[in-house]
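Here's the structure, in structure tokens; my notes come after.
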Ligand SMILES: Cc1cc2nc3c(=O)[nH]c(=O)nc-3n(C[C@H](O)[C@H](O)[C@H](O)COP(=O)(O)OP(=O)(O)OC[C@H]3O[C@@H](n4cnc5c(N)ncnc54)[C@H](O)[C@@H]3O)c2cc1C
């Protein structure tokens, strides 16, 4: 399965592949890394990604990064997820990096972008118990008090908050005439007084958290961009976030595909490899075709994002997120069925891949919401 990449990007993909193979190529290595990780995040592996310059691959050189763009970011994310490296802080940190690149002051960029490049995790928190798909209805408040903001409320589903230095919180700083008005982005250090982080048990582990604010005071300089401009700032980063999730899904789909392909070539029943039965081989052919098409579309969108800075591509970003995440889910479930009882067994690794794929059509805007966005872009 191939996409058109420059020689430099091929070299990056090959280097990440080599790293992934050495660090997590065997089942034993994968299990050990998972056991060592703090709920999905292995600080040692993450530090190595930073030392190799990969966490900063799409961060400007002025802040210690490699100065690359969306294509480089997709290569990194796809590789990390293909090799199933337990570094849950990667995707969210890159989402936060995008927001700082667009709206941060020089000082903020130095701190946050420089920190991510050096291996620190940054989380982002929009979702609340009563504001999921309808995220603009969020109610967590940030009230200005002299040179500080005081936050009160509850956030939920905050990925990697347990290993993050800061959480970029979207909070209500004013009540406007519409729910989209009066939102602001404020960075809260995770060791702040009045902030509590509590893990949520899920079928993918405990990588997400409830976050409680109780009179949590942060300096006013923690505001990102302008006050009450949070919704516009969020919208400006949607293509970035959806590309990250799409690239992750492509990595997971490709991995499940490669694993099941190897399995059906080896597993014999009725005196022949099960891959020789048309019921199996046609599924393999179909998945290969869909993965190839989807991967090509994701990288084509990334290249378009790089070529036209400032364009948000809402329709295409939703198409990429929708297609890639549904494909990762479909591929892992098909792979599990093709592996029979061994697909269901923990030992063979596919059940973990299924669990990790099932969440993809939910996070970052569900598939239903992506379809609504795509439909709206056609005037429906
Ligand atoms: C593992 C995980 C990690 C996450 N990480 C983060 C994070 O780091 N930061 C963050 O802010 N959030 C995060 N989220 C939250 C995620 O973005 C939300 O779960 C998602 O947007 C859906 O919101 P909800 O769960 O409240 O579902 P709901 O909005 O209650 O939706 C329930 C169902 O109704 C459907 N539905 C809702 N509205 C419509 C509509 N208008 N039309 C059709 N169908 C509709 C949905 O598609 C869904 O099937 C994470 C979630 C998970 C599970």
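The values are calculated or read from the model by the stated rules, or taken from the named source; none is laboratory data. This is a predicted model, so every value here is computed, not measured. Note that each Cβ is placed from the backbone with ideal geometry, even for glycine, and that neighbours are counted across all protein chains shown.
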Query raised in the report: Has segment 41-59 got at least one residue that is touching a residue at least 60 places away in the same chain (Cβ under 8 Å), out of contact with any strand residue (DSSP E or B) (no Cβ under 8 Å at 6 or more places or on another chain) and within 20 Å of residue 254 (Cα to Cα)?
Result: no
Query raised in the report: Could you say which residue among 198, 217, 206 is farther than 15 Å from residue 122 by Cβ, in contact (Cβ under 8 Å) with a residue 60 or more places away in the chain, assigned to a strand (DSSP E or B) and more than 14 Å from the ligand (Cβ to nearest atom)?
Result: 217
**Report entry** From the options 122, 130, residue that is out of contact with any strand residue (DSSP E or B) (no Cβ under 7 Å at 6 or more places or on another chain), within 16 Å of the ligand (Cβ to nearest atom) and modelled with pLDDT of 95 or more
**Finding:** 130
Query - Scan of segment 358-375 for residues that are out of contact with any helix residue (DSSP H, G or I) (no Cβ under 6 Å at 6 or more places or on another chain), in contact (Cβ under 8 Å) with a residue 12 or more places away in the chain and either under 14 Å from residue 243 (Cβ atoms) or in a loop (DSSP other than H, G, I, E, B) (or both), ordered by number - result: 359, 363, 365, 366
**Report entry** Only listed residue being surrounded by 24 or more Cβ atoms within 10 Å (Cβ to Cβ) and within 30 Å of residue 10 (Cα to Cα), chosen from 119, 114, 89
**Finding:** 89
**Report entry** Residues located in segment 196-222, provided they are under 17 Å from residue 360 (Cβ atoms), buried (at least 17 other Cβ atoms within 10 Å of the Cβ) and in contact with a strand residue (DSSP E or B) (Cβ under 8 Å, 6 or more places away or on another chain)
**Finding:** 207, 208
Query raised in the report: Can you name every residue in segment 129-139 that is more than 21 Å from residue 94 (Cα to Cα) and surrounded by fewer than 22 Cβ atoms within 10 Å (Cβ to Cβ)?
Result: 129, 130, 131, 132, 133, 134, 136, 137, 139
Query raised in the report: Going by the conditions given, is residue 150 surrounded by fewer than 23 Cβ atoms within 10 Å (Cβ to Cβ) and in a strand (DSSP E or B)?
Result: yes
Requested in this report: Would you be able to say whether some residue in segment 342-354 is within 15 Å of the ligand (Cβ to nearest atom) and either in a helix (DSSP H, G or I) or on the phi < 0 side of the Ramachandran plot (or both)?
Outcome: yes
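Could we say that residue 186 is without any contact (Cβ under 8 Å) to a residue 60 or more places away in the chain, under 20 Å from residue 105 (Cβ atoms), within 11 Å of the ligand (Cβ to nearest atom) and in contact with a helix residue (DSSP H, G or I) (Cβ under 7 Å, 6 or more places away or on another chain) here?
Criteria not met by residue 186.
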Query raised in the report: Of the numbered conditions (1) farther than 16 Å from residue 54 by Cβ; (2) assigned to a helix (DSSP H, G or I); (3) within 16 Å of the ligand (Cβ to nearest atom), residue 116 satisfies every one except a single condition; which is it?
Result: (1)
Query raised in the report: Which residues, taken from segment 108-123, are without any contact (Cβ under 8 Å) to a residue 60 or more places away in the chain and within 18 Å of residue 226 (Cβ to Cβ)?
Result: 109
Query raised in the report: What number of residues within segment 306-321 satisfy the criterion of being under 21 Å from the mean Cα position of the chain (by Cα), surrounded by fewer than 23 Cβ atoms within 10 Å (Cβ to Cβ) and in a helix (DSSP H, G or I)?
Result: 5
Query raised in the report: Can you tell me which of 143, 169 is under 22 Å from residue 113 (Cβ atoms) and part of a strand (DSSP E or B)?
Result: 169
Query raised in the report: Which condition breaks for residue 158 when tested against (1) closer than 21 Å to residue 130 by Cα; (2) over 17 Å from the mean Cα position of the chain (by Cα)?
Result: (2)
Query - Residue satisfying all of: in segment 267-281; within 35 Å of the chain's Cα centre (by Cα) and surrounded by 14 or more Cβ atoms within 10 Å (Cβ to Cβ); nearest to residue 341 (Cα to Cα) among these - result: 267
Report summary line: Those residues of segment 156-183 that are within 11 Å of the ligand (Cβ to nearest atom) and closer than 25 Å to residue 109 by Cα come to a total of 9
